[in-house]
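Quick one: structure below, then a few questions.
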Amino acid sequence: MSDCIFCQIIRGDIASEAVYVDERCYAFRDIDPQGPVHVLVCPREHIARVSDAQPTQEDLLGHLLWVAAEIARQERISEGGYRLVINCGVHGQQAVEHLHVHLIGGRQMAWPPG
């Protein structure tokens, strides 16, 4: 595991509000939420960006999406809908170099986002 901020959160070195935890991922509430529900779903394994994922990590990528959908059900935003976002690299506005899925919902989302 790397020493990035998300790795530190996953290890428990930095406090977070956990929403979902299993052997492959850790999900926690965003500290700067963009909606009533804003959860980050992170793999425990440090993968800097989705474009760095290897063929052996294909199941893990699918698991992250399944977890996001499960959290949406738990948060009771599944029926109305929600947004899943994966930023990749500088042009994709990825702020932390640790792959993560944003689950944002609980209100009507606008497009383009902002």
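When you check Ala72 against the structure, is it in contact with a Phe, Trp or Tyr (Cβ under 7 Å, 6 or more places away or on another chain), more than 19 Å from Cys4 (Cα to Cα), at pLDDT 95 or above and crowded, with 16+ Cβ neighbours inside 10 Å, yes or no?
So Ala72 fits the description; yes.
Quick check: anything in the range 94-110 part of a loop (DSSP other than H, G, I, E, B), touching a residue at least 24 places away in the same chain (Cβ under 8 Å), open to solvent by 50 Å² or more (accessible area, probe 1.4 Å) and in contact with a Gly (Cβ under 7 Å, 6 or more places away or on another chain)?
The answer is yes; a qualifying residue exists.
Another one. In the range 92-109, what count of residues is obtained for those that are out of contact with any strand residue (DSSP E or B) (no Cβ under 7 Å at 6 or more places or on another chain) and over 21 Å from Ile5 (Cβ atoms)?
Number of matching residues: 2.
Taking the range 47-60, which residues are within 19 Å of Ala95 (Cα to Cα) and either in contact with a helix residue (DSSP H, G or I) (Cβ under 7 Å, 6 or more places away or on another chain) or open to solvent by 40 Å² or more (accessible area, probe 1.4 Å) (or both)?
Ile47, Arg49, Val50, Ser51, Asp52, Ala53
Turning to a different aspect of this structure: Looking at Leu40, Leu60, Leu84, which is the one that is under 12 Å from Leu99 (Cβ atoms) and assigned to a strand (DSSP E or B)?
Leu40
Further question on the same structure: Looking only at the range 43-57, count how many residues are touching a residue at least 24 places away in the same chain (Cβ under 8 Å) and assigned to a helix (DSSP H, G or I).
3
Another question, then. Limited to the range 1-37, what total is found for residues that are assigned to a loop (DSSP other than H, G, I, E, B), within 18 Å of Ile77 (Cβ to Cβ), in contact with a strand residue (DSSP E or B) (Cβ under 6 Å, 6 or more places away or on another chain) and not acidic (Asp, Glu)?
So the count comes out to 2.
For Ser78, are the conditions met, namely being without any contact (Cβ under 8 Å) to a residue 24 or more places away in the chain, surrounded by 15 or more Cβ atoms within 10 Å (Cβ to Cβ) and either touching a strand residue (DSSP E or B) at 6+ places or on another chain (Cβ under 8 Å) or not acidic (Asp, Glu) (or both)?
For Ser78, the condition - without any contact (Cβ under 8 Å) to a residue 24 or more places away in the chain, surrounded by 15 or more Cβ atoms within 10 Å (Cβ to Cβ) and either touching a strand residue (DSSP E or B) at 6+ places or on another chain (Cβ under 8 Å) or not acidic (Asp, Glu) (or both) - is not met.
Here's a follow-up. Quick one: would you say Cys88 is within 22 Å of Gln8 (Cα to Cα), open to solvent by less than 60 Å² (accessible area, probe 1.4 Å) and without any contact (Cβ under 8 Å) to a residue 40 or more places away in the chain?
Yes; evaluated as a whole, the condition is true for this residue.
The values are calculated or read from the model by the stated rules, or taken from the named source; none is laboratory data. Everything numeric in this text was worked out from a predicted model, so none of it was measured. Because the Cβ atoms are built from the backbone with ideal geometry, glycine has one as well, and the counts that use them run over all protein chains shown. These accessible areas exclude ligands, DNA and RNA; they are computed on the full protein's heavy atoms, side chains included. Shrake-Rupley method; radii C 1.70, N 1.55, O 1.52, S 1.80 Å.
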